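K.L.:
Questions regarding the structure given below will be posed in turn.
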Amino acid sequence: MAYKNGKPELLTCRRQKEQIPLPVKGAQEAISGGMAVPSFDYFFLKMVALEPSLGRQRVPINRALHLALERYGLTVQLMEANG
């Protein structure tokens, strides 16, 4: 969710718009009608509060998921090694 001119706007990719146009349109209409929605800014600030270094560089979502899983896996390995 992003805000354009102070109003919430649904962020979708081209594939979503092409492959699932009816749900995208329905979501856009619901948001325009005042439906409460989460904001990317809110979650970004929560993430940066947990780990400030994570907010330095923006990366594509697939890369971000890879990095998160990599970090989580390393954390689990260290916890298991230290028993």
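The values are calculated or read from the model by the stated rules, or taken from the named source; none is laboratory data. What you see is a predicted model; the values in this text were computed from it and never measured. Note: ideal-geometry Cβ built from the backbone for every residue, glycine included; neighbour counts use all protein chains shown.
K.L.:
Quick one: A36 ticks every box in (1) surrounded by 10 or more Cβ atoms within 10 Å (Cβ to Cβ); (2) in a loop (DSSP other than H, G, I, E, B); (3) hydrophobic (A, V, I, L, M, F, W, C) bar one, so which box is it?
P.N.:
That leaves (1) as the condition not met.
K.L.:
Got at least one residue in the stretch 62-78 being closer than 28 Å to G6 by Cβ, within 17 Å of the chain's Cα centre (by Cα) and not assigned by TED's automatic domain parsing to the domain that holds P8?
P.N.:
yes
K.L.:
List every residue pair whose Cβ atoms lie under 9 Å apart, where the two residues are 6 or more positions apart in sequence or sit on different chains, the first residue falls within the stretch 56-69 and is under 20 Å from L45 (Cβ atoms) and free of Cβ contacts under 8 Å to residues at least 12 places away in the same chain, and the second residue, located anywhere, is exposed (fewer than 11 other Cβ atoms within 10 Å of the Cβ) and of a type outside the set (G, A, S).
P.N.:
Hits for this filter: A64/R58.
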